[in-house]
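Take a look at the structure set out below.
The values are calculated or read from the model by the stated rules, or taken from the named source; none is laboratory data. Computed from a prediction, not measured in an experiment: that's the story for all the values here. Cβ coordinates were reconstructed from backbone atoms using ideal geometry, including for glycine residues, and neighbour counts include every protein chain displayed.
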């Protein structure tokens, strides 16, 4: 009897245990189903949200409309006045230029001014379809940090510089033929040089602070001064006119001097700067020394090219001859009634980029890999592709730089 009772008790306990285990299983099944439902709902919501803005969750930013396209300036030029004037406003070409780095995920283009670019300050991510542009306005001789440029070339897609074979050529300025309205305004200015010619008492002026430039311009001027009077202003000469005076110095030169030396610090392919563009606003004949094809960028008979002469002595002979002939001297200003001088305020560059964006077939962006993955960053839907060359070799090897020497032979830079 005791054995039967014990067996019954064991069976009852086993039955109770099985019933309790069954309830536990049902409870856990319900819990698991609930968790799966929550996870599915969360995944669906997140996936829907991420598809709608197409931005990495690593960035928190204000969402702007996809149009007009955004051009983000990551680093600006050392003289950023004209850049600042162009930012955060729609251009005439219907793009927005901004320096707001929080808009990186939405930017169609990111522009880096190389002189101020710090490799430790690059964006942490590059987005698929996003174009990165290297922008530089110094000559190769004055382009330092070569090893850094080699590393940075893995990230950029397009090249912008003063060179005409850049993806986005950006000269310091350019001369355009006048339209009819400009012609009428300037027609009365043709005779302006006559009044200046009589009062000019000196021949050549030069304002310079960078002494010993690799172009050899110091040696050229030293030789030129043997045959004609040359007054040197700035850190490299005895005459002073503070740079803070700006246009007042040029106004002074215009009244006193017949010629001004617009000599570049480098003689490299296509290289010319504001030294010549700014001077064309004044009634003084510029003498140029640089690597540009001046006949293609400046009006005919508006300048004198020093390198077209056999030596500085022959240049001085021409200058003395012009100084004694008012009519011939004034003929160098006849172009002013037919052309307008445009200084580069970078809207030219931005509108070039904007125009290319409109022509491209780019769609929206999606989150891409870290910038450490160089090969993944070379996308087919960026604005430029250079499969057969790299930035470093293009900049240093596909250009010619040289220096003038007193023996009238050029020293070429490698």
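Here are the numbers for this structure:
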{"quantity": "Residues within segment 199-212 that are in contact with a strand residue (DSSP E or B) (Cβ under 8 Å, 6 or more places away or on another chain) and outside any strand (DSSP E or B), tallied", "calculated": "2"}
{"quantity": "Test: residue in segment 199-206 that is over 22 Å from residue 275 (Cβ atoms), at pLDDT below 80 and either surrounded by fewer than 17 Cβ atoms within 10 Å (Cβ to Cβ) or over 33 Å from the mean Cα position of the chain (by Cα) (or both)", "calculated": "no"}
{"quantity": "Whichever residue in segment 295-315 is in a helix (DSSP H, G or I) and over 24 Å from the mean Cα position of the chain (by Cα) and, among such residues, is surrounded by the most Cβ atoms within 10 Å (Cβ to Cβ)", "calculated": "315"}
{"quantity": "Residue ID - nearest to residue 76 (Cα to Cα), chosen from residues in segment 113-158 that are touching a helix residue (DSSP H, G or I) at 6+ places or on another chain (Cβ under 6 Å) and surrounded by fewer than 17 Cβ atoms within 10 Å (Cβ to Cβ)", "calculated": "119"}
{"quantity": "Some residue of segment 174-183 being within 28 Å of residue 141 (Cβ to Cβ), at pLDDT below 95 and within 29 Å of the chain's Cα centre (by Cα)", "calculated": "yes"}
{"quantity": "Selection from segment 76-96 of residues that are under 13 Å from the mean Cα position of the chain (by Cα), modelled with pLDDT of 70 or more and buried (at least 19 other Cβ atoms within 10 Å of the Cβ)", "calculated": "76"}
{"quantity": "Checking residue 340 against (1) out of contact with any strand residue (DSSP E or B) (no Cβ under 7 Å at 6 or more places or on another chain); (2) over 20 Å from residue 271 (Cβ atoms); (3) surrounded by fewer than 16 Cβ atoms within 10 Å (Cβ to Cβ), the condition it does not meet", "calculated": "(1)"}
{"quantity": "Flag if residue 278 is in contact with a strand residue (DSSP E or B) (Cβ under 9 Å, 6 or more places away or on another chain) and closer than 27 Å to residue 143 by Cα", "calculated": "yes"}
{"quantity": "Candidates 357, 318, 349, 322 - the one that is in a helix (DSSP H, G or I) and surrounded by fewer than 17 Cβ atoms within 10 Å (Cβ to Cβ)", "calculated": "318"}
{"quantity": "Residue ID - surrounded by the fewest Cβ atoms within 10 Å (Cβ to Cβ), chosen from residues in segment 226-239 that are within 15 Å of residue 318 (Cα to Cα) and out of contact with any strand residue (DSSP E or B) (no Cβ under 8 Å at 6 or more places or on another chain)", "calculated": "226"}
{"quantity": "Of all residues in segment 244-275 being touching a residue at least 40 places away in the same chain (Cβ under 8 Å) and assigned to a helix (DSSP H, G or I), the one that is surrounded by the most Cβ atoms within 10 Å (Cβ to Cβ)", "calculated": "253"}
{"quantity": "Residue list for segment 370-390, restricted to those being in contact with a strand residue (DSSP E or B) (Cβ under 6 Å, 6 or more places away or on another chain) and modelled with pLDDT of 85 or more", "calculated": "383, 384"}
{"quantity": "Qualifying positions in segment 97-112 - surrounded by 18 or more Cβ atoms within 10 Å (Cβ to Cβ) and farther than 22 Å from residue 347 by Cβ", "calculated": "104, 105"}
{"quantity": "Contacts under 7 angstrom Cβ, first residue in segment 346-366 being modelled with pLDDT of 80 or more, partner in a helix (DSSP H, G or I), 6 or more apart", "calculated": "346/82; 346/83; 346/86; 347/86; 350/86"}
